[in-house]
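Engineer: Supplied in structure tokens, the structure appears directly below.
The values are calculated or read from the model by the stated rules, or taken from the named source; none is laboratory data. What you see is a predicted model, and the numbers here were worked out from it, not measured in a lab. Here Cβ is always computed from backbone atoms with ideal geometry, including for glycine, and neighbour counts include all displayed protein chains. Just so you know, the surface numbers come from the protein's heavy atoms only, side chains and all, with ligands and any DNA or RNA stripped out. Shrake-Rupley method; radii C 1.70, N 1.55, O 1.52, S 1.80 Å.
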Amino acid sequence: MTIGPLMSVTTTFDNRFVAHTYNRFPLEIVSGKGSILVDADGKEYIDLGTGIAVNIFGVADEEWAAAVTAQMSKVQHTSNLYYSEPCALLASELCTRTGMRKVFFGNSGAEANECAIKVARKYASDTYGPGRATIITLENSFHGRTLTTLSATGQDHYHELFTPLTPGFVSTPANDLAAMRAVVERLAANPADPCADLVGTGAAGEVAGILIEPIQGEGGVVPLSVEFVQGVAALAKEFDLVFCIDEVQTGNGRTGTLYAYQQYGVFPDVVTTAKGLGGGLPIGACMMAEHVADVLGYGDHGSTFGGNPLACAGAINILSRINGTLLAGVQERSLIVFEELSGAAGIEDVSGMGLMIGVKTTRPAREVVEACLERGVVCLTAKDRVRLLPALNIPIELLRSALSVLKDEAAKVQ
Ligand SMILES: *Cc1c(COP(=O)(O)O)cnc(C)c1O
């Protein structure tokens with residue numbers, strides 16, 4: 001496919017000097033406004049990807065930029081040796097809006113999950129002594145790229161090249177409560193059992209915690225059932241396991257509520273989030289409920305940039321705008337997407353919640369996404385699906401135009 005100036009300085013230097021860890025599309029985004037992106041040739045695109053659920057109010061958002069700029073002219077960084085107002089206010093706002101009690105800030109989703117894993121393991125060792133360090137995650141999950149969050153990611157093909165990984169992760173199938181309970185009971189009966197027959201890096205004693213995404217994002221936009229998530233919450237309570245929800249992608253209004261767990265009728269011990277929270281600046285948050293709020297003490301965890309004033313000032317602005325009106329707009333737009341795409345030619349299934357949507361096309365997803373890109377619509381893939389993560393305030397007319405291009409391309413089945 002040919003999009004943009006293929007021999008530009010950017011592509012030449014990128015191919016030569018940037019590590020080849022990404023299979024980039026031939027597109028260089030240089031600017032934009034809201035849900036419109038502009039490439040290096042001046043061509044415009046409708047954005048249904050938001051930089052992977054990050055730019056939830058689109059690009060060059062003035063309110064967010066003003067909040068960040070105002071902070072920038074005061075102080076850009078202080079370190080965590082001192083108090084900082086944006087960090088304190090953001091934590092307070094997150095706790096007020098969720099009922100969580102304390103927040104640890106990092107810079108990414110992976111770091112937020114690292115913190116959740118540390119909380120689960122430390123709670124278990126504080127409460128029960130050593131020997132209770134296993135975390136159960138789900139098969140087909142995604143929790144990050146650091147060695148430990150990779151270990152938590154329940155897909156063995158991510159693991160193979162990087163062994164030895166962090167031990168203590170066992171994965172069971174999504175929406176299968178009996179399989180998860182079986183691991184908890186098996187390790188309670190015999191903590192020395194490595195569970196080597198299961199997906200994961202092997203058990204490390206009895207179960208300390210459970211970590212799940214409410215909708216498996218990278219796994220292909222697979223929502224968990226309400227019964228399953230409520231069952232996991234009850235299982236965690238029964239065995240005093242730290243129940244952690246990874247809302248790195250589902251969080252911050254994406255699914256139609258501030259956090260997706262709020263639609264599942266559960267109250268987790270730990271909620272992690274990142275992507276959309278910063279509105280484009282790197283931030284990760286690990287929120288802890290009362291039960292585990294003081295598990296981490298002085299020196300137990302840290303991050304130089306975590307809680308950075310610029311990222312926090314931006315996030316305060318973002319959070320203040322995820323209100324009832326915005327969330328109603330997310331539901332309205334979600335309905336439009338489901339109505340337009342469900343049952344359309346070449347579309348086999350539409351999954352997801354709110355504005356986190358997976359579209360199973362008969363044509364290969366990557367091919368559809370490339371064709372849409374040529375026609376000025378930016379979409380993503382997730383496994384074998386086209387994935388849509390538009391801005392939460394995308395103008396409805398733009399959304400409809402983009403969907404008609406997607407439908408048209410999906411219908412081109414050979
Ligand atoms: C993106 C993602 C992560 C990793 O976030 P990074 O900021 O890339 O470290 C973790 N969990 C889920 C569910 C994600 O979607």
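Engineer: Among the residues in the stretch 60-77, are any buried (at least 22 other Cβ atoms within 10 Å of the Cβ) and of a type in the set (Asp, Glu)?
Structural biologist: Yes.
Engineer: Another one. Test of understanding: among 309, 395, which residue is open to solvent by 50 Å² or more (accessible area, probe 1.4 Å), more than 20 Å from the chain's Cα centre (by Cα) and in contact (Cβ under 8 Å) with a residue 40 or more places away in the chain? Break it down stepwise before answering.
Structural biologist: Values: 309 fails: open to solvent by 50 Å² or more (accessible area, probe 1.4 Å).
Within the list 309, 395, the selection yields 395.
Engineer: Let me ask something additional. Do you know which residues across the stretch 168-201 are surrounded by fewer than 17 Cβ atoms within 10 Å (Cβ to Cβ) and of a type in the set (A, V, I, L, M)?
Structural biologist: 178, 179, 182, 188, 189, 192, 196 - these are the residues of the stretch 168-201 that are surrounded by fewer than 17 Cβ atoms within 10 Å (Cβ to Cβ) and of a type in the set (A, V, I, L, M).
Engineer: When you look at residue 115, is it closer than 27 Å to residue 307 by Cα, within 16 Å of the ligand (Cβ to nearest atom) and at pLDDT 95 or above, yes or no?
Structural biologist: On the way: closer than 27 Å to residue 307 by Cα: yes; within 16 Å of the ligand (Cβ to nearest atom): yes; at pLDDT 95 or above: yes.
It is true that residue 115 is closer than 27 Å to residue 307 by Cα, within 16 Å of the ligand (Cβ to nearest atom) and at pLDDT 95 or above.
Engineer: Identify all residues within the stretch 134-167 that are within 16 Å of the ligand (Cβ to nearest atom) and open to solvent by 60 Å² or more (accessible area, probe 1.4 Å); write none if there are none.
Structural biologist: Across the stretch 134-167, the qualifying residues are 139, 145, 147, 162.
Engineer: Name the residue that is surrounded by the most Cβ atoms within 10 Å (Cβ to Cβ), counting only residues in the stretch 6-40 that are among the acidic types (Asp, Glu) and outside any helix (DSSP H, G or I). Steps first, please.
Structural biologist: First, pick out the residues of the stretch 6-40 that are among the acidic types (Asp, Glu): 14, 28, 39.
Applying the additional criterion that residues be outside any helix (DSSP H, G or I) yields 28, 39.
Values: 28: 19, 39: 21.
The qualifying residue surrounded by the most Cβ atoms within 10 Å (Cβ to Cβ) is 39.
Engineer: Quick test of your reading of the structure: residue 216 fulfils all but one of (1) without any contact (Cβ under 8 Å) to a residue 40 or more places away in the chain; (2) buried (at least 17 other Cβ atoms within 10 Å of the Cβ). Name the failing condition by number.
Structural biologist: Unmet for residue 216, out of (1) without any contact (Cβ under 8 Å) to a residue 40 or more places away in the chain; (2) buried (at least 17 other Cβ atoms within 10 Å of the Cβ): (1).
Engineer: Run down 248, 222 and say which single residue is open to solvent by 10 Å² or more (accessible area, probe 1.4 Å), closer than 19 Å to residue 112 by Cβ and within 12 Å of the ligand (Cβ to nearest atom).
Structural biologist: Working: 222 fails: closer than 19 Å to residue 112 by Cβ.
Among 248, 222, only 248 is open to solvent by 10 Å² or more (accessible area, probe 1.4 Å), closer than 19 Å to residue 112 by Cβ and within 12 Å of the ligand (Cβ to nearest atom).
Engineer: For the stretch 100-112, enumerate the residues that are open to solvent by 10 Å² or more (accessible area, probe 1.4 Å) and within 12 Å of the ligand (Cβ to nearest atom).
Structural biologist: Hits for the stretch 100-112 are 107, 108, 109, 110, 111.
Engineer: Just the residues that are buried (at least 24 other Cβ atoms within 10 Å of the Cβ) and of a type outside the set (Phe, Trp, Tyr), please, taken from the stretch 230-245. Reasoning before the result, please.
Structural biologist: First pass over the stretch 230-245, keeping only residues buried (at least 24 other Cβ atoms within 10 Å of the Cβ): 232, 241-245.
Of everything in the stretch 230-245, those that are buried (at least 24 other Cβ atoms within 10 Å of the Cβ) and of a type outside the set (Phe, Trp, Tyr) turn out to be 232, 241, 242, 244, 245.
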